[in-house]
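**Q** Can you read through this structure? Questions will come right after.
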Amino acid sequence: MITFFTTAKPFRGHLGVIQNNALRSWKLLGPDVEVILFGDDEGSAEAAARLGLRHEPNVERNEQGTNLVSSLFEKAQQIAKHDLVCYCNCDIVVTNDFRRAASLLQSWQSRFLMVGRRWDTDITAPIDFSQASWEKDLLALAHSTGFQRAYFNIDYFLFTKGLYQDVPPFAIGRLTWDNWLVWKVRELQVPIVDASAMVCAVHQNHDYSHHPQGMQGVWEGEEARRNVELVGPRYRSRTIEDATYKLTEAGPVKNGWYWLAPAKRRWRGAKRHVSGAWRTWVWHPLLDLSRPVRRALGLRQSAVPGALRSSKRRHPMDW
């Protein structure tokens, strides 16, 4: 039914644990699911053999040794057994709601792209897939302790084979390549479906120790800057918010407000700028000036009744 393809970081420590969790969850979607693991990073061949995956070690890399999105998507579409293919980051655990979503869309259109928001969740140990309740327990953990991230974090792309041609040589795992992939399908006028309401894609939180410069290197390094250059004009960057359909249990329904997505992004950018200026030039100086008085009066944030605090759960990096 589906061919998943991905590339992994070295299978060491916590990264090894969560990548094994992800890959096993994909295989458990059914005997008709194929998983292709690209790259020759440490432990990849052993993981593929252990989990019964197809291992393709040869993939094009850039000067820094990072696998290229163009090579992954080209090779996967050439060798996939199934007409429905899915690139998924190797830290994402999926459950049977993903398969149900794929089945609904496969019977709906001959060409489409499915994306969705992820749930950031702390998982530090191997998932016990032998337990009949593992899916129920995992979803309960994600919904109770995790955060459903905003529309710009795109961790999976389920699409019909042949949809992507001439993908630029983006470095995988850096900036903007995922946004370009959404823009490309919009340009082709192929339906884009937001499955966030139906699919709980569990992103297992991790650090950035795989990069020599950590998070800063991933988000601000040379490869990130190069990816931004490859995208080109800003209009060639889109997010899940630009999906033309939303997926429900009854099937896809039109997203009548997708055309407002660019305006929403500009508004959030302006709001972020104003909020930052307010905190820097007004709020923080006021806090500094009033600190002696507040301390004398015993006014601390911990003393504020819980009912008066914001109850909205939002990831600190999302706006």
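**Q** I'd like the full set of residues that are closer than 15 Å to PHE152 by Cα and hydrophobic (A, V, I, L, M, F, W, C), limited to the range 232-250.
**A** Within the range 232-250, ILE240, ALA243 qualify.
**Q** Kindly indicate which of VAL167, VAL182 is more than 16 Å from CYS90 (Cα to Cα), at pLDDT 95 or above, touching a strand residue (DSSP E or B) at 6+ places or on another chain (Cβ under 7 Å) and of a type outside the set (D, E, K, R).
**A** Within the list VAL167, VAL182, the selection yields VAL182.
**Q** Considering (1) surrounded by fewer than 19 Cβ atoms within 10 Å (Cβ to Cβ); (2) within 19 Å of LEU260 (Cα to Cα), say which one HIS143 fails and leave the rest.
**A** Here HIS143 meets the rest and fails (2).
**Q** A further question follows. For the range 85-113, give me each residue that is over 19 Å from the mean Cα position of the chain (by Cα) and within 23 Å of LYS27 (Cβ to Cβ).
**A** Scanning the range 85-113 gives ARG100, SER103, LEU104, LEU105, GLN106.
So that you can scan it fast, the table gives a plain yes or no per residue for (1) closer than 19 Å to ALA197 by Cβ; (2) assigned by TED's automatic domain parsing to the domain that holds PHE11; (3) touching a helix residue (DSSP H, G or I) at 6+ places or on another chain (Cβ under 6 Å):
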position: VAL35; (1), (2), (3): no, yes, yes
position: ASP40; (1), (2), (3): no, yes, no
position: LEU51; (1), (2), (3): no, yes, yes
position: GLU63; (1), (2), (3): no, yes, no
position: ASN67; (1), (2), (3): no, yes, no
position: GLN78; (1), (2), (3): no, yes, no
position: PHE112; (1), (2), (3): yes, yes, yes
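**Q** Turning to a different aspect of this structure: Of all residues in the range 119-139, how many are under 22 Å from ARG12 (Cβ atoms) and either without any contact (Cβ under 8 Å) to a residue 24 or more places away in the chain or of a type in the set (Asp, Glu) (or both)?
**A** Number satisfying all stated conditions: 3.
**Q** A further question on this structure: If a residue must be at pLDDT 70 or above and of a type in the set (Phe, Trp, Tyr), how many such residues does the range 284-319 contain?
**A** Number satisfying all stated conditions: 0.
The values are calculated or read from the model by the stated rules, or taken from the named source; none is laboratory data. The structure displayed is predicted, hence computed values, not measured ones. Please note: Cβ atoms are built from the backbone with ideal geometry, for glycine as well, and neighbour counts cover all protein chains shown.
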